[in-house]
Amino acid sequence: MEIYYTDGTIEKRKIAPGKVIDMDEVHEIVGGYIQAVPLLRDKVLFCNEDAVSLELPPNPNVTEIVAGRVLLPPGGFLLGNAVIATIKEMGE
């Protein structure tokens, strides 16, 4: 799983064999309700569902990754911290 923070930091976290992503942890990282956005065949983006109304800061790193693949909010940036995970890490 990769975590993209609004300050530009990118953190990679390994998921232990036989384990799956802890959605409570994802909730904490994105700072609220989780919106799941399918990306490629085997990846999903998790971001804050209320990012626009909460006026979260833009996240240029993850915006660059998803540009052209998802509908972005006004201003053209994905907002807030985001997590990108594989389907396998989700236990699918």
Of all residues in segment 40-51, count the ones that are more than 17 Å from G91 (Cβ to Cβ) and at pLDDT below 90.
1
Taking segment 24-72 as the search range and keeping residues that are acidic (D, E) and farther than 18 Å from A85 by Cα, which one is surrounded by the most Cβ atoms within 10 Å (Cβ to Cβ)?
D50
In segment 52-76, which residues are hydrophobic (A, V, I, L, M, F, W, C) and under 22 Å from E89 (Cα atoms)?
V62, I65, V66, V70
Residue set A16, A51, A36; condition free of Cβ contacts under 8 Å to residues at least 12 places away in the same chain, of a type in the set (A, V, I, L, M) and assigned to a loop (DSSP other than H, G, I, E, B); output residue A16
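The values are calculated or read from the model by the stated rules, or taken from the named source; none is laboratory data. The model shown is predicted, which means the values in this text are computed figures rather than measured ones. So basically every Cβ, Gly included, is an ideal-geometry build from the backbone, and we count neighbours across all protein chains shown.
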